[in-house]
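These notes are about the structure you will find just below.
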Amino acid sequence: MRLGRIGASTPDPTAGTIDRDAKGMPTGVLKEAAMDAVLALVPPPTPEEQRKGILKSIDTLHREGITAVKDPSIAQPVWDAYVSLLNEGKLREHICVLWYAGSTLASAQAALKAISAQPRPPQSLGDGRLLSCGVKIYMDGSGGARTAWLFEDWNKNSTDRDTGNSGYPSTEPEAYRRMVRLFHQAGIHVGTHAVGDRAIDWVVDTYAQVLAEIPTRGLRHSIIHANIPSEHAIQVMSMLEGKYDAAYPEAQAPFMWWLGDTYAANFGPERSHRLLPLNTYLKHGIHWGGGSDYSVTPVAARYGLWASVERETLKGTYGAHPFGTAEAVDIHAALRSYSIWGAHQLFLEQRIGSLEIGKDADIAVVGSAICTRSRRRSSRI
C-alpha cells in the first residue's frame, strides 16, 4: 500500500472504496477501482508465461470435461497468446473471448478497433477454436464486497443494515449507454457485468433502447451474473430474448454455494430469495448460460449443476438454504444451461452443446448420477 501511495489521506477513487478502521486508517481491503493503484504495481506476465498459463488451464478444463469456455475481459496480449497457441496446434479448447471495453467512450472505441480486425462470430479462427465474440463492460461491483449497485442499502450479518451504502455504478450510466450504442450499431455482442438490481435494470433497459433504435437479431447481448434481477428486468429479458435473441443472463450457480454465506449476510433475507431466480427464468421462457466465474468459484461445472438444484451454502451460517428452494431447477434444466444454452452464448450451438448428427463429438462422460433431489436428502457431487 505504501508503494501504491495509499494512506489515511488518500480519497476514495471514482467507483472504488478504500476500507478504513475507526481512526480512518486503511485496513488493507481495497474494493473495485481502489485496487488499481496496487494492481498497477504487479508486473504483467511475459508472453511465455501467458502461454503456459493458458495450456495449464486447458489441461484443468479437460480433466473436468469442459471443452468450451468464454474468457471475458481480455486485452491484446491474451489474444496474441491464444493465436500463437492456435498456430502451433496447441489450442485444444473452444475459446470465445470478450475484449475489455473500459469505462469510457474513448476506451470503447479502442476496443472496437481491435475487434474489427477479427472475424465476427460465428466465424472463427482455427475452425471453431478461437472466436472474438464481443466486448465486456462493467456496470457495477460485487455482492461479496457490497459494491454492486442496488435500489436499497446493503445488509450486514443478514439482518443489519449497511446504512448509506447501496453500492455504485462502475461505469457512469450515461457513458455506459453510449458505449453499448456504439457496439450495437457496429454489430458487436455486448456482455455486461451487473450484479445488483439497479444495475441490472439499467443494463436491460439500455439493451431494449438500442435494439428499438436498430432492431438486430442474434447479437445475444448478455447480463453477466444478473444476481438479483427485479421483476421488471425479468420481463424485459423475456421480451428481448424472444424478439431479438438478446438479454441473456449468464449466471453462476456456484455463487450460492461457494460464496453463499457471505451473500446471505450481505443481501439479507428478502433479497436472498431473489438471488439467481432460475425457476422464474424457466417460467418466463428465459434461457441462461451457466458458468463458474473462475477463479471466483472452482471451475468444475459439477458444482454449478449441484447448486442449481440444491441452492445450498457451503457453511450454512444462516441456515442451509437462506436463498430458499422455490427457485431451484431440476438437473435437466441445469444441464442445458451448461451445455446447449451455454453453447448459444459462445456462438457455437451449431457445433457443440448437444448430441446430434453433424456436431463435434465434444462429449463428457460422468460415471454416476450428478445429483438427485428428494424431500429429505440429496446426493452430493
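When the residues of the stretch 113-122 are filtered to those that are open to solvent by 50 Å² or more (accessible area, probe 1.4 Å) and in contact with a strand residue (DSSP E or B) (Cβ under 8 Å, 6 or more places away or on another chain), which remaining residue is nearest to Trp99 (Cα to Cα)?
Arg120
Within the stretch 147-167, track down each residue that is of a type in the set (Ser, Thr, Tyr) and open to solvent by 70 Å² or more (accessible area, probe 1.4 Å).
Thr159, Thr163
Is it the case that Ser272 is farther than 22 Å from Ser103 by Cβ, over 18 Å from the mean Cα position of the chain (by Cα) and open to solvent by less than 10 Å² (accessible area, probe 1.4 Å)?
yes
So which helices (runs of 4 or more DSSP H) stay within the stretch 104-222 end to end and still have 1 or more residues that are charged (D, E, K, R) and under 29 Å from Tyr82 (Cβ atoms)?
The qualifying helices (runs of 4 or more DSSP H) are 105-116, 173-185.
Restricting to the stretch 147-166, give me the number of residues that are of a type in the set (Gly, Ala, Ser), closer than 20 Å to Thr14 by Cα and over 18 Å from the mean Cα position of the chain (by Cα).
Residues that pass the stated criteria total 2.
Restricting the search to the stretch 329-344, which residues are open to solvent by 20 Å² or more (accessible area, probe 1.4 Å) and touching a residue at least 12 places away in the same chain (Cβ under 8 Å)?
Listed by number, the residues that qualify are Asp330, Ile331, Leu335, Arg336, Tyr338, Ser339, Ile340, Trp341, His344.
Do we have any residue at all in the stretch 328-336 that's of a type outside the set (A, V, I, L, M, F, W, C), over 18 Å from the mean Cα position of the chain (by Cα) and at pLDDT 95 or above?
For the stretch 328-336, residues of a type outside the set (A, V, I, L, M, F, W, C), over 18 Å from the mean Cα position of the chain (by Cα) and at pLDDT 95 or above: present.
Residues that are open to solvent by 40 Å² or more (accessible area, probe 1.4 Å), closer than 18 Å to Val78 by Cα, more than 18 Å from the chain's Cα centre (by Cα) and not aliphatic (A, V, I, L, M): does the stretch 127-146 have at least one?
Yes.
Restricting the stretch 200-239 to residues that are closer than 25 Å to Gly144 by Cα and hydroxyl-bearing (Ser, Thr, Tyr), which is surrounded by the most Cβ atoms within 10 Å (Cβ to Cβ)?
For the stretch 200-239, the residue satisfying everything is Ser222.
Out of the residues in the stretch 85-103 that are assigned to a loop (DSSP other than H, G, I, E, B) and not polar (S, T, N, Q), state the one that is surrounded by the most Cβ atoms within 10 Å (Cβ to Cβ).
Among those that are assigned to a loop (DSSP other than H, G, I, E, B) and not polar (S, T, N, Q), it is Ala101.
Per-residue answers, yes or no, for (1) farther than 17 Å from Glu32 by Cα; (2) among the polar types (S, T, N, Q); (3) in contact with a Gly (Cβ under 8 Å, 6 or more places away or on another chain):
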{"position": "Thr163", "(1), (2), (3)": "yes, yes, no"}
{"position": "Gly167", "(1), (2), (3)": "no, no, yes"}
{"position": "Pro173", "(1), (2), (3)": "no, no, no"}
{"position": "Arg177", "(1), (2), (3)": "yes, no, no"}
{"position": "Gln185", "(1), (2), (3)": "yes, yes, no"}
{"position": "Gly191", "(1), (2), (3)": "yes, no, yes"}
{"position": "Val195", "(1), (2), (3)": "no, no, yes"}
{"position": "Asp201", "(1), (2), (3)": "yes, no, no"}
{"position": "Asp205", "(1), (2), (3)": "yes, no, no"}
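Give the residues of the stretch 304-327 that are open to solvent by less than 20 Å² (accessible area, probe 1.4 Å), more than 12 Å from Tyr263 (Cβ to Cβ) and not in a helix (DSSP H, G or I), sorted by residue number.
Of everything in the stretch 304-327, just one residue is open to solvent by less than 20 Å² (accessible area, probe 1.4 Å), more than 12 Å from Tyr263 (Cβ to Cβ) and not in a helix (DSSP H, G or I), namely Gly324.
Just name the residue that is nearest to His221 (Cα to Cα) out of those in the stretch 72-84 that are open to solvent by 40 Å² or more (accessible area, probe 1.4 Å) and in contact with a helix residue (DSSP H, G or I) (Cβ under 9 Å, 6 or more places away or on another chain).
It comes out as Ala75.
Out of the residues in the stretch 1-58 that are polar (S, T, N, Q) and not in a loop (DSSP other than H, G, I, E, B), state the one that is surrounded by the fewest Cβ atoms within 10 Å (Cβ to Cβ).
Per the stated criteria, the residue is Thr27.
With the checklist (1) surrounded by fewer than 17 Cβ atoms within 10 Å (Cβ to Cβ); (2) within 18 Å of the chain's Cα centre (by Cα) in hand, flag the one item Ser170 doesn't pass.
(1)
The values are calculated or read from the model by the stated rules, or taken from the named source; none is laboratory data. Here the structure is a predicted model, which is why all the values come from computation and not from measurement. Reconstructed Cβ throughout: ideal geometry from the backbone, glycine too, with neighbour counts over all protein chains shown. Each accessible area value is taken on the protein alone, full model and side chains, heavy atoms only, with ligands, DNA and RNA left out. Shrake-Rupley method; radii C 1.70, N 1.55, O 1.52, S 1.80 Å.
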